[in-house]
1. Residue by residue through the stretch 32-40, which ³J(HN,Hα) values in whole Hz follow from phi under the Karplus form 6.51 cos²θ - 1.76 cosθ + 1.60 (θ = phi - 60°), with glycine and proline marked x?
2. Would you pull out the residues with amide H under 5 Å of VAL70's amide H, same chain only if 5 or more places away, H placed 1.01 Å from N?
3. Quick one: helix 4-19 against the long Cα principal axis of the chain, what's the angle to the nearest 10°, folded into 0 to 90?
4. From the convex hull of the Cα coordinates of the stretch 53-177, what is the mean projected area in square nanometres?
5. Give me the Å³ per residue figure for the convex hull around the C-alpha atoms of the stretch 7-118.
6. Quick one: the Cα spread of the stretch 104-164 along its three principal axes, in angstroms, biggest first?
7. Using a Förster radius of 30 Å, what is the FRET efficiency between ASP203 and ARG92 based on their Cβ-Cβ separation? Nearest 0.05, please.
8. Under a crude label model (7 Å from the Cα following the beta-carbon direction), how far is ARG150 from SER30 in nanometres?
Amino acid sequence: MISALEALQRLRDGNGRFESDVRSPGTLTSQTRRRELAAGQEPFAIILGCSDSRVPAEIVFDQGLGDLFVIRVAGNIVAPSQVGSVEFAAGRFGTRLVVVLGHSKCGAILATLEELGRPSEDQSRNLRSIVDRIRPSVEPLLGTELGHDRDALVRQAVRANIRASANHLRHGSQVLEQLIEKDGLLVVGAEYSLETGVVHFFDGVQDAG
Ligand SMILES: [Zn+2]
């Protein structure tokens, strides 16, 4: 299995190809590759991304069959089943990179801001369970000067939510903590721009490219 930093570079390179519209040839999704993978997988990165139809991880990182272990949920939130999925992939396949991939203008963040501004009584319990996970990272921003600048507020709320999810994965699981301490597992946040197609990685991760 490649290291976390090599995996990160592979994602950066793939996003560069996507963003400049020079995609890999169809070999990544070929039937030959499918047959090879039937015996087993070794995905080099785990992506916890938003369900938004405009941010499919395999496409924005220009990857093919067997490359990415992807978990998608509205607002890229972390609930127990997401933690379990990451534990499973990191433990079973030896994957060393986890990316929490949020994006600009995320609908789940907008819904949370709306709910904080004007709580609705009839919101479904299931939808509320998503909003409730986003709320703690977004709510503190409302009391700052961002409260008067809607666009800036949304931008910062998206980033705060990505950081919160990444921190939850880093500290909300003994299995993952062990893998981080002893086996070089890296959890990074990243934001995809709907406007430019570029993925920006957070947390002071060095740009090796
Ligand atoms: Zn979203």
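Laboratory data are not the source of any read-out in this text; all were calculated from the coordinates shown. What you see is a predicted model, and the numbers here were worked out from it, not measured in a lab. Here the Cβ positions follow ideal geometry from the backbone for every residue, glycine too, while neighbour counts run over all protein chains shown.
1. Running phi through 6.51 cos²θ - 1.76 cosθ + 1.60 with θ = phi - 60° gives 5, 4, 4, 5, 4, 7, 4, 7, x Hz.
2. ILE47
3. The angle comes out at about 80 degrees.
4. Mean orientational projected area (the stretch 53-177, Cα hull): 8.6 nm².
5. Here the figure is 109 Å³ per residue.
6. In descending order, the Cα extents are 30, 22, 18 Å.
7. 0.75
8. 5.0 nm
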